[in-house]
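The values are calculated or read from the model by the stated rules, or taken from the named source; none is laboratory data. All values derive from a computational prediction rather than experimental measurement. Reconstructed Cβ throughout: ideal geometry from the backbone, glycine too, with neighbour counts over all protein chains shown. Just the protein is used for accessible areas: all its heavy atoms, side chains included, with ligands, DNA and RNA removed. Shrake-Rupley method; radii C 1.70, N 1.55, O 1.52, S 1.80 Å.
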Amino acid sequence: MIDVKEAQVIGKTYRSKVWWVLAAIVLVFLATSCIRTVESGQVGVITRFGEVNREVNSGLALKLPWPIEHLEKLDTRIQKQEEQASAATSDLQDVHATLALNYALSRGSALDVYKKIGPQYRDRIVIPTVQESFKAATAQYTASELLTKRAEVKAKALEAIKKRLDPYGIKIEDLNIVDFSFSDEFRKAIEGKQVAAQEAERAKFNLDRARLDAEAQEIQKASLSPEFLQK
């Protein structure tokens, strides 16, 4: 049987091992929380007690353990954002379109973007800017003009987006307006105009043909002189 002294030694040894295990776990946790990896095409922003402290490039990043410092990763590769947008034309017709924006966060500007806007900069500034710029550009044209001047609308919207986002270090690569769609009433009106134009063109053709036939008959009558008829 184990006496009291032996039991105390065993208990002390066991508690000592437990403390060493706990200490090892804490050290591993601290070590892993101090070393982070920032992937290629990303930039890291380190905050200290919630305040922006510094920016780190791709590779291994060293920081103080949580909750002292925290690492936020931001993507610097070209990203594609598709949005459904609605606007009104200058003649107050509702128009809908799918907008595809290609953009990227410039290296060196992540710190400023994080300070002024936060990690959700896409939702807070990119998407609203795209929507507002599309509405402003579309309002300069009638619905009929949009059907033939899509390139002009794109150019004006793209210029407005760049003007708004460039100061933040957000590079705009391109903007595509995938499609324009209008209300059922406007589509029916356009179809009605097309049908009316086709009918008017057909009526003009028939009228010109009848006039030419009449002129041909008059020429033929004039050529039938009494001498020719007698002969």
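Of note:
- Applying the criterion of being in a strand (DSSP E or B), under 14 Å from the mean Cα position of the chain (by Cα) and of a type in the set (A, V, I, L, M) to the residues of the range 77-111, the residue that is farthest from VAL45 (Cα to Cα) is ALA97.
The rows are residues; the columns are (1) under 20 Å from THR76 (Cβ atoms); (2) charged (D, E, K, R); (3) surrounded by 14 or more Cβ atoms within 10 Å (Cβ to Cβ).
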| site | (1), (2), (3) |
| --- | --- |
| TYR103 | yes, no, yes |
| VAL126 | yes, no, yes |
| SER133 | no, no, yes |
| THR148 | no, no, no |
| ALA155 | no, no, no |
| GLU159 | no, yes, yes |
| LEU165 | yes, no, yes |
| ILE172 | yes, no, yes |
| SER183 | no, no, no |
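- Number of positions in the range 108-121 that are in contact with a strand residue (DSSP E or B) (Cβ under 9 Å, 6 or more places away or on another chain) and either surrounded by 18 or more Cβ atoms within 10 Å (Cβ to Cβ) or hydrophobic (A, V, I, L, M, F, W, C) (or both): 6
- Count of the range 48-90 residues which are touching a Leu at 6+ places or on another chain (Cβ under 8 Å) and open to solvent by less than 50 Å² (accessible area, probe 1.4 Å): 12
- Residue match in the range 80-88 (condition: in contact with a Gly (Cβ under 7 Å, 6 or more places away or on another chain) and without any contact (Cβ under 8 Å) to a residue 24 or more places away in the chain): no
- Elements of type helices (runs of 4 or more DSSP H) contained in the range 112-220, each with 1 or more residues being touching a His at 6+ places or on another chain (Cβ under 9 Å) and modelled with pLDDT under 65: none
- Matching residues, the range 49-76, being outside any strand (DSSP E or B), more than 18 Å from TYR121 (Cα to Cα) and of a type in the set (Gly, Ala, Ser): SER58
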